[in-house]
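Working notes for the structure below.
Every number in this text was worked out from the coordinates using simple rules, so none of it is lab data. Every value quoted in this text rests on a predicted model; they were computed, and no experiment measured them. So basically every Cβ, Gly included, is an ideal-geometry build from the backbone, and we count neighbours across all protein chains shown.
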Amino acid sequence: MPVSHAHSREKTDIKTLVIVSHPYPERSVLTKGLQEAAESLEGVTVRNLETLYGYDTRQINGDAERKMMREHSRVVFIFPTHWFNITPMMKAWLNETWGSVGPGLWQGKEMLVVSTAAGGSSTYGPDGRIGVSLADVFLPVKASALHAGMTWLPPLVFESASSDRLPSYQHQLIERLKLPFQ
């Protein structure tokens with residue numbers, strides 16, 4: 001679903017790198033729509049891992065990706081929660097891009113996770129089927145960001161995600177990306 005033209009001239013004052021991944025991009029509605037929302041803002045660079053590298057995790061160019069990281073102040077991951085985790089390509093991207101990152105290498109940068117999840121409170125949370133929250137699911141990414149010296153921003157998560165609510169999700173993402181540096 002294309003982003004409303006009302007958003008097309010907006011911008012973020014923070015150079016933002018958005019890393020997008022979906023294990024089945026041909027089926028993606030929500031992730032694709034969130035990517036389109038991010039692309040509608042000036043000051044945002046979007047890199048879709050499956051578009052760039054296909055599904056071959058060995059093709060990820062760690063040097064080029066680290067260069068992109070250095071050129072931006074905020075990094076945003078957009079992905080569907082996939083088996084209670086980030087996508088396989090996103091994990092490979094982290095391994096290749098951050099694998100040699102020592103403590104504090106990304107000091108001063110911000111990290112934002114944006115994710116969709118089919119399950120809601122019946123799945124996540126203390127009373128849910130799996131008994132853990134989505135915040136718990138994202139703890140390894142948070143730990144990686146904090147280890148690298150980044151500021152961890154509260155995730156933007158759409159539980160019980162539905163394509164009917166895509167315009168609302170796009171609006172929420174755009175508003176989050178326009179927020180000033182934390």
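Simple spin-label estimate for Phe84 and Leu146 gives 2.0 nm between the two label positions (7 Å along the Cα-to-Cβ direction from each Cα).
Taking the Cα centre of the chain as origin and assigning +1 to Lys and Arg Cβ atoms and -1 to Asp and Glu Cβ atoms, the resulting dipole is close to 260 debye.
With the charge dipole of the chain set up from +1 on Lys and Arg Cβ and -1 on Asp and Glu Cβ about the Cα centre, the Cα lying farthest toward the positive end among the listed residues Leu105, Met150, Thr116 is that of Leu105.
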